[in-house]
Amino acid sequence: MHKFLFIILLFIGNAHALERTIHITQSLNYDARKANISQKTVHNIVRIFSWKIDFNKDLKKGDRFIVVGNKGASPSAIIYIGAKKRIAVFAYTDKRGRIGYYDSSGKTLYPSFAKSPLKYSRISSKFQKKRLHPILKTWRPHRAVDYAAKQGTVVRAVANGIIKHNKYMGALGNVVYIKHGSNYTTVYAHLSKFARGLRPSSKVKKGQIIGFVGSTGRSTGPHLHYELRYKGIRRNPLTWQLPRQKRVAKYDLKRFQKRAKAILRSL
Ligand SMILES: [Zn+2]
């Protein structure tokens, strides 16, 4: 009798940690459908992991995503297993009742953003719908912030990301584009030169020097033209609500990590 009850409990316990695996053979969308994973979960996977994985480049045949939890509900964990790395995130409900995904150290994969790529500088032109262009002498939008700074002042990445490109591009002069996750791109223009070793696809950390203030391209004097793009649209870097990394509450961390370990062990 007791043994029987134990087996039932064991069964319930297992059902709780139901897992499904997406084996990458063609694309995340295709293989998720084959694994019976909802479109919503696929969206979540891209949203969460694109801070660490470039879905266009990094995802390889043979990679796997393990989705832990009951169908229909928010997964209790999602684990990416690639040839080179493994990234695991676990659901955690914050004080306000919002479910988020945190790594085993209790941090979200998305980073915090600095407001400005320069320290101690003066804003010489704000984000505005109409501005008399100093060279073209026409009224046009300025969807960026310009910082006046001395030639050669260091310019830093506002958040962790991947260099999309760094090259000379007409009016923007020497410019660096950094991708942060799937939705954000930051742009740093008119640079005198790039930081050494900077090249497309290289990873940068928040605060890392990426170049130096200059006046290349269409520019009247040394300054940094800085753009923040969200889903391809230029937003005001001074007012836009930027991502801020979240952590599991301190009093919950031990419990959270214990649960994370238990989930990993059960796979
Ligand atoms: Zn500008």
Which order do the peptides 164-171, 175-182 take when ranked by the mean count of other beta-carbon atoms within 10 Å per residue, highest first?
175-182, 164-171
Quantify, in whole percent, the carbon and sulfur part of the accessible surface of the range 122-235 (1.4 Å probe; protein heavy atoms only).
51 percent
Which whole-Hz couplings ³J(HN,Hα) result when phi for each residue of the range 138-146 is put into the Karplus expression 6.51 cos²θ - 1.76 cosθ + 1.60, θ = phi - 60°, listed in order with x for Gly and Pro?
10, 7, 9, x, 10, 9, 6, 10, 9
Any idea how far apart residue 139 and residue 105 come out in nm if each label point goes 7 Å out from Cα toward Cβ?
5.1 nm
Counting only Cα, what are the radius of gyration and maximum Cα-Cα distance Dmax of the chain, in Å?
23.0, 89
Efficiency by 1/(1 + (r/R0)^6): what FRET value for residue 96 and residue 196, r their Cβ-Cβ distance, R0 = 30 Å, to the nearest 0.05?
0.10
Over 32 Å (Cα to Cα) among 84/261; 119/246; 107/231; 193/250 -> 193/250
Relative contact order, percent, the chain [alpha-carbon distance under 8 Å, six or more residues apart]
16 percent
Accessible area expressed per residue, the range 122-235, with surrounding protein chains retained (probe 1.4 Å, Å²):
51 Å²
Just going by the charge dipole of the range 122-235, with Lys and Arg at +1 and Asp and Glu at -1 on Cβ, which of 180, 219, 200 is farthest out on the positive end?
180
Amide H neighbours of residue 235 at under 5 Å, excluding residues fewer than 5 places away on the same chain, with H built from the backbone geometry, are 228, 229, 230
Nearest 0.05, what FRET efficiency do residue 71 and residue 129 give at R0 = 45 Å with Cβ-Cβ as r?
0.40
Residue with peak Gaussian network fluctuation, the chain [Cα springs, cutoff 10 Å], from 54, 146, 252
252
Given Cα pairs under 8 Å that are at least 6 residues apart, what percent is the relative contact order of the range 181-267?
30 percent
Can you grab the distance from the C-alpha centre of the range 70-130 to the C-alpha centre of the range 138-185, Å, no decimals?
22 Å
Linear extension gain, residue 252 paired with residue 220, 0.36 nm per residue minus alpha-carbon span
6.1 nm
Nearest-0.05 FRET efficiency for residue 264 and residue 148 at R0 = 45 Å, using Cβ-Cβ distance, is 0.30
Hey, can you grab everything whose amide H is under 5 Å from the amide H of residue 164? Only 5+ residues off in sequence or another chain; H modelled, so Pro and N-termini drop out.
177, 178, 179, 201
Using alpha carbon positions and the Kirkwood radius, the Rg to Rh ratio of the range 122-235 is 0.95
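The values are calculated or read from the model by the stated rules, or taken from the named source; none is laboratory data. The model shown is predicted, which means the values in this text are computed figures rather than measured ones. Please note: Cβ atoms are built from the backbone with ideal geometry, for glycine as well, and neighbour counts cover all protein chains shown. For accessibility, only protein heavy atoms count, side chains too; no ligands or nucleic acids. Shrake-Rupley method; radii C 1.70, N 1.55, O 1.52, S 1.80 Å.
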